[in-house]
Each structure stands twice: as structure tokens, then as C-alpha cells.
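Worksheet for the structure shown next.
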Amino acid sequence: QVQLAESGGGLAQVGGSLRLSCAASGGTFSTYAMGWFRQVPGKEREFVAGISWSGGATLYADSVKGRFTISRDNGVNTAFLQMRTLKAEDTGVYYCNVVDNSDLVRPWGSWGQGTQVTVSS
């Protein structure tokens with residue numbers, strides 16, 4: 001079963017940038033569609049972005065469209081989330097997961113510990 005490890009979170013100011021990484025092991029990464037999700041205390045996880053197994057298709061939540069970019073490098077079994085023009089509302093714990101190939105939004109794997117992103121206001 002594939003294992004995923006998020007990294008790259010930290011502190012940023014409003015308007016700043018961060019790049020998150022999701023390293024996969026124990027599976028065939030190049031066959032999996034991947035997605036990023038985020039969660040704040042007291043709320044459910046929400047979809048942020050998804051990318052097809054080939055990288056040829058992407059999907060973004062309206063709240064991040066135009067600011068975030070999801071990408072992947074199948075050669076090193078890693079997915080990325082480049083976050084730009086950060087807002088205070090982007091604060092949360094960010095998770096990656098394998099997602100449904102047909103819609104790029106429905107996670108089907110296990111959740112890891114995520115990586116904390118804090119945007120100061």
C-alpha cells in the first residue's frame with residue numbers, strides 16, 4: 001500500500017509563497033491521481049487541488065484557483081503544491097492523498113499527519 005509524507009509547511013506572511021511536497025513510497029506512484037486537501041480545527045477537510053496520473057489534467061478549488069499550482073514528478077515519486085499570494089484563510093494542515101482518476105477530488109487512501117501552513121495577518 002502506498003505511503004505518503006507531506007513536507008514544506010511553515011510560516012508565511014499574507015501575500016507570500018510556500019511550496020509543499022508529497023513523497024510517495026510503497027506503491028506505483030505514476031499510476032495514481034493525486035490531490036491536496038486542507039483542514040482547520042473544527043472544520044472538515046476540504047479539497048484544494050488534484051492532478052491526473054499523467055499530469056495532463058488538473059483541478060482546483062475556486063478559493064485557490066489562480067494562486068496555487070499542483071504538479072508532479074513521477075521520476076522521483078513526488079507531488080507538489082506551489083502556493084502563491086497566500087491569504088490568512090489559507091492557514092491549516094495540508095494533506096495529500098491518492099484521488100479518484102475520474103474526478104480528481106475524491107480521496108481513497110489513508111490520511112497521514114499532514115504539514116502545517118500558517119499565514120499571518
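Structure values in brief
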| read-out | value |
| --- | --- |
| Of all residues in the stretch 108-121 being more than 18 Å from residue 78 (Cα to Cα) and touching a Lys or Arg at 6+ places or on another chain (Cβ under 9 Å), the one that is surrounded by the most Cβ atoms within 10 Å (Cβ to Cβ) | 117 |
| Of the criteria (1) outside any loop (DSSP other than H, G, I, E, B); (2) surrounded by fewer than 18 Cβ atoms within 10 Å (Cβ to Cβ), which one residue 55 fails | (1) |
| Subset tally (residues that are out of contact with any strand residue (DSSP E or B) (no Cβ under 7 Å at 6 or more places or on another chain) and over 12 Å from residue 91 (Cα atoms)) for the stretch 17-56 | 10 |
| Enumeration of residues in the stretch 81-102 that are within 12 Å of the chain's Cα centre (by Cα) and either free of Cβ contacts under 8 Å to residues at least 24 places away in the same chain or farther than 19 Å from residue 45 by Cβ (or both) | 82 |
| Criterion: farther than 23 Å from residue 102 by Cα, open to solvent by 20 Å² or more (accessible area, probe 1.4 Å) and over 14 Å from the mean Cα position of the chain (by Cα) - qualifying residue of 27, 42 | 42 |
| Evaluation of residue 12 against (1) in a loop (DSSP other than H, G, I, E, B); (2) within 21 Å of residue 120 (Cα to Cα) (one fails), failing number | (1) |
| Positions within the stretch 58-76 being farther than 16 Å from residue 99 by Cβ, of a type outside the set (Gly, Ala, Ser) and surrounded by 12 or more Cβ atoms within 10 Å (Cβ to Cβ), in sequence order | 67, 69, 73 |
| Number of positions in the stretch 8-24 that are within 12 Å of the chain's Cα centre (by Cα) and open to solvent by 60 Å² or more (accessible area, probe 1.4 Å) | 1 |
| Candidates 48, 105, filtered to the one that is touching a residue at least 24 places away in the same chain (Cβ under 8 Å), β-branched (Val, Ile, Thr), open to solvent by 10 Å² or more (accessible area, probe 1.4 Å) and farther than 14 Å from residue 3 by Cα | 105 |
| Condition check for residue 37: open to solvent by less than 30 Å² (accessible area, probe 1.4 Å) and under 14 Å from the mean Cα position of the chain (by Cα) | yes |
| When residues of the stretch 77-100 are limited to those that are open to solvent by 50 Å² or more (accessible area, probe 1.4 Å) and outside any loop (DSSP other than H, G, I, E, B), the one nearest to residue 32 (Cα to Cα) | 82 |
| Test: residue 35 is small (Gly, Ala, Ser) and assigned to a loop (DSSP other than H, G, I, E, B) | no |
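The values are calculated or read from the model by the stated rules, or taken from the named source; none is laboratory data. Note that the structure is predicted; figures quoted are calculated from it, not measured. Cβ sites come from the backbone with ideal geometry, for glycine too, and all protein chains shown count toward neighbours. These accessible areas exclude ligands, DNA and RNA; they are computed on the full protein's heavy atoms, side chains included. Shrake-Rupley method; radii C 1.70, N 1.55, O 1.52, S 1.80 Å.
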